[in-house]
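Student: Let me give you the structure first, and then I'll get to my questions.
The values are calculated or read from the model by the stated rules, or taken from the named source; none is laboratory data. Note that the structure is a prediction, hence the values are computed from the model and not measured. Cβ placement follows ideal geometry from the backbone for every residue including glycine, while neighbour counts extend to all protein chains displayed. In case anyone asks, the SASA skips ligands and DNA or RNA and just uses the protein heavy atoms, side chains included. Shrake-Rupley method; radii C 1.70, N 1.55, O 1.52, S 1.80 Å.
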Amino acid sequence: MAVLSRLMLRFRTSSTIRSFCTKYSEIDLTRAASAEALSSALPVEDSKEKGRNVHWVFLGCPGVGKGTYAARLSNLLGVSHIATGDLVRQELSSHGPLSSQLAEIVNQGKLISDEIIINLLSKRLEEIQAKGETGFILDGFPRTVRQAEILEGVTDIGLVINLKLREEALIAKCLGRRICSDCGGNYNVACIDIKGEDGSPRMYMPPLLPPPNCESKLITRSDDTEEVVKERLRVYNEKSRPVEEFYRARGKLLEFDLPGGIPESWTKLLQALNLDDHEDKKSAAA
Ligand SMILES: Nc1ncnc2c1ncn2[C@@H]1O[C@H](COP(=O)(O)OP(=O)(O)O)[C@@H](O)[C@H]1O
């Protein structure tokens with residue numbers, strides 16, 4: 001508890017918080033800045049039901065496929081998938097008081113402040129708790145060592161899966177990403193075929209094309225331009241790469257090199273997680 005109080009104190013008195021207090025008076029900053037908010041929103045553990053104790057995190061560069069595999073795994077284990085990038089995009093589309101400031105940060109490829117992201121995450125965790133759920137898979141959080149410390153102070157993360165892919169494939173995947181503006185389906189028009197060099201295997205990822213009824217409704221994320229993707233990769237290396245080390249040092253990091261497209265990678269990921277005998281795996285992949 002003392003550790004948590006110290007974290008909260010540091011969190012509350014930082015200059016970032018003070019500047020946001022002045023700038024974004026619309027949001028409840030005491031709550032936003034409080035690790036306590038996150039702590040109280042976290043579901044209470046109950047080991048009796050399947051997946052309820054899963055408190056896992058997906059790490060990895062932009063475009064690596066965190067969303068795809070976190071969603072499939074959540075489906076398989078019957079727990080909530082919480083993607084902080086989706087929470088940010090929801091906030092943007094709500095056209096609330098924070099929207100224009102957030103849009104500027106996201107479209108520059110920068111990170112949202114810890115306090116705003118924790119505020120959004122706390123609200124989502126409260127919704128999950130209200131539904132009586134206790135397990136979750138986080139995707140896109142933590143993204144800084146500070147966020148990791150705050151999370152570590154309020155819950156015990158069991159496993160951190162670090163997805164890895166070569167940088168040229170990451171850029172191609174981000175640029176090929178498409179979303180159906182009608183059904184929200186995620187697709188990718190990139191066909192990635194990278195020849196193996198120096199003993200590394202060939203990397204082949206076929207496109208994930210939309211069904212005919214989505215074809216005319218495809219949109220691209222505003223931060224998926226080449227310039228912004230490169231900045232997001234730079235920011236990942238600067239701010240999020242140390243988070244890998246944070247969890248490696250605690251023996252929680254599972255490194256996973258994606259071998260290729262979704263079917264092959266999903267099968268190998270389940271093997272790495274010792275979930276390959278899971279009875280529901282076929283339906284989860286649907
Ligand atoms: N934990 C976080 N901390 C700060 N900013 C975040 C966080 N999660 C998401 N964001 C913001 O939302 C944007 C989109 O996030 P996400 O969809 O996870 O992107 P990516 O494809 O780069 O992994 C990020 O570039 C960042 O501006």
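Student: Limited to segment 162-183, what total is found for residues that are over 18 Å from V64 (Cβ atoms) and open to solvent by less than 40 Å² (accessible area, probe 1.4 Å)?
Tutor: Number of matching residues: 1.
Student: I would also like to ask the following. Taking segment 146-156, which residues are within 14 Å of the ligand (Cβ to nearest atom) and either within 16 Å of I82 (Cα to Cα) or surrounded by fewer than 16 Cβ atoms within 10 Å (Cβ to Cβ) (or both)?
Tutor: Taking segment 146-156 first, the residues within 14 Å of the ligand (Cβ to nearest atom) are 146-151.
Matches in segment 146-156: Q147, A148, L151.
Student: Please determine, by comparing only the residues of segment 208-267 that are outside any helix (DSSP H, G or I) and polar (S, T, N, Q), which one is farthest from W56 (Cα to Cα). Walk me through how you get there before you give the answer.
Tutor: Step one: filter segment 208-267 for residues outside any helix (DSSP H, G or I), giving 208-214, 218-225, 250-261.
Next, only the ones that are polar (S, T, N, Q) stay: 213, 220, 222, 225.
Values: N213: 35, T220: 28, S222: 28, T225: 30 Å.
Here the answer is N213.
Student: With the requirement that a residue be farther than 15 Å from D257 by Cβ and open to solvent by 20 Å² or more (accessible area, probe 1.4 Å), what does segment 199-214 give you? Spell out the reasoning first.
Tutor: To start, the set of residues in segment 199-214 that are farther than 15 Å from D257 by Cβ comprises 206-214.
Within segment 199-214, P206, P207, L208, L209, P211, P212, N213 qualify.
Student: Here is a further query. Restricting to segment 184-198, name every residue that is open to solvent by less than 50 Å² (accessible area, probe 1.4 Å) and in a loop (DSSP other than H, G, I, E, B).
Tutor: Restricting attention to segment 184-198, the residues satisfying the condition of being open to solvent by less than 50 Å² (accessible area, probe 1.4 Å) are 184-185, 187-188, 190, 192, 194, 196.
Once the filter is applied, which keeps residues that are open to solvent by less than 50 Å² (accessible area, probe 1.4 Å) and in a loop (DSSP other than H, G, I, E, B), segment 184-198 yields G184, G185, A190, G196.
Student: Among the residues of segment 124-144, write down those that are out of contact with any strand residue (DSSP E or B) (no Cβ under 6 Å at 6 or more places or on another chain), at pLDDT below 95 and of a type in the set (A, V, I, L, M, F, W, C).
Tutor: L125, A130
Student: Within segment 276-286, restricting attention to residues that are more than 21 Å from the chain's Cα centre (by Cα) and either over 26 Å from P206 (Cα atoms) or in a loop (DSSP other than H, G, I, E, B) (or both), which residue is modelled with the highest pLDDT?
Tutor: Initially, segment 276-286 is screened for residues more than 21 Å from the chain's Cα centre (by Cα), giving 276-283.
Still in the list and also either over 26 Å from P206 (Cα atoms) or in a loop (DSSP other than H, G, I, E, B) (or both): 276-280.
Working: D276: 81, D277: 73, H278: 62, E279: 55, D280: 56.
Per the stated criteria, the residue is D276.
Student: Do we have N75 as under 24 Å from T267 (Cβ atoms), in a helix (DSSP H, G or I) and touching a helix residue (DSSP H, G or I) at 6+ places or on another chain (Cβ under 7 Å) here?
Tutor: Working: under 24 Å from T267 (Cβ atoms): yes; in a helix (DSSP H, G or I): yes; touching a helix residue (DSSP H, G or I) at 6+ places or on another chain (Cβ under 7 Å): yes.
In short, yes.
Student: Exactly one condition in (1) surrounded by fewer than 13 Cβ atoms within 10 Å (Cβ to Cβ); (2) under 20 Å from the mean Cα position of the chain (by Cα) is false for E226; which is it?
Tutor: The single condition E226 does not satisfy is (2).
Student: Among the residues of segment 82-95, which ones are open to solvent by less than 50 Å² (accessible area, probe 1.4 Å) and either of a type in the set (D, E, K, R) or more than 10 Å from the ligand (Cβ to nearest atom) (or both)? Full working, then the answer.
Tutor: Residues of segment 82-95 open to solvent by less than 50 Å² (accessible area, probe 1.4 Å): 82-85, 87-88, 91-92.
Those that are open to solvent by less than 50 Å² (accessible area, probe 1.4 Å) and either of a type in the set (D, E, K, R) or more than 10 Å from the ligand (Cβ to nearest atom) (or both): I82, E91.
Student: While we're on this one: Looking at L159, is it of a type outside the set (F, W, Y) and either within 12 Å of the ligand (Cβ to nearest atom) or open to solvent by less than 30 Å² (accessible area, probe 1.4 Å) (or both)?
Tutor: Details: of a type outside the set (F, W, Y): yes; either within 12 Å of the ligand (Cβ to nearest atom) or open to solvent by less than 30 Å² (accessible area, probe 1.4 Å) (or both): no.
Answer is no for this residue.
Student: Sticking with this structure for a sec: Within segment 96-112, is even one residue under 17 Å from the mean Cα position of the chain (by Cα), open to solvent by less than 60 Å² (accessible area, probe 1.4 Å), within 14 Å of the ligand (Cβ to nearest atom) and of a type in the set (S, T, Y)?
Tutor: Checking segment 96-112: not a single residue is under 17 Å from the mean Cα position of the chain (by Cα), open to solvent by less than 60 Å² (accessible area, probe 1.4 Å), within 14 Å of the ligand (Cβ to nearest atom) and of a type in the set (S, T, Y).
Student: Give me a count of the residues in segment 145-176 that are outside any helix (DSSP H, G or I) and either closer than 13 Å to Y247 by Cβ or touching a strand residue (DSSP E or B) at 6+ places or on another chain (Cβ under 7 Å) (or both). Give the derivation first.
Tutor: The first filter runs over segment 145-176 and keeps only residues outside any helix (DSSP H, G or I), leaving 155-166.
Those left that are additionally either closer than 13 Å to Y247 by Cβ or touching a strand residue (DSSP E or B) at 6+ places or on another chain (Cβ under 7 Å) (or both): 155-164, 166.
Summing the residues that are outside any helix (DSSP H, G or I) and either closer than 13 Å to Y247 by Cβ or touching a strand residue (DSSP E or B) at 6+ places or on another chain (Cβ under 7 Å) (or both) in segment 145-176 gives 11.
Student: For segment 127-144, name all the residues that are more than 10 Å from the ligand (Cβ to nearest atom), polar (S, T, N, Q) and assigned to a loop (DSSP other than H, G, I, E, B).
Tutor: Here is the first cut: in segment 127-144, the residues more than 10 Å from the ligand (Cβ to nearest atom) are 127-137.
Filter once more, keeping what is polar (S, T, N, Q): 129, 134.
Within segment 127-144, just T134 meets the criteria.
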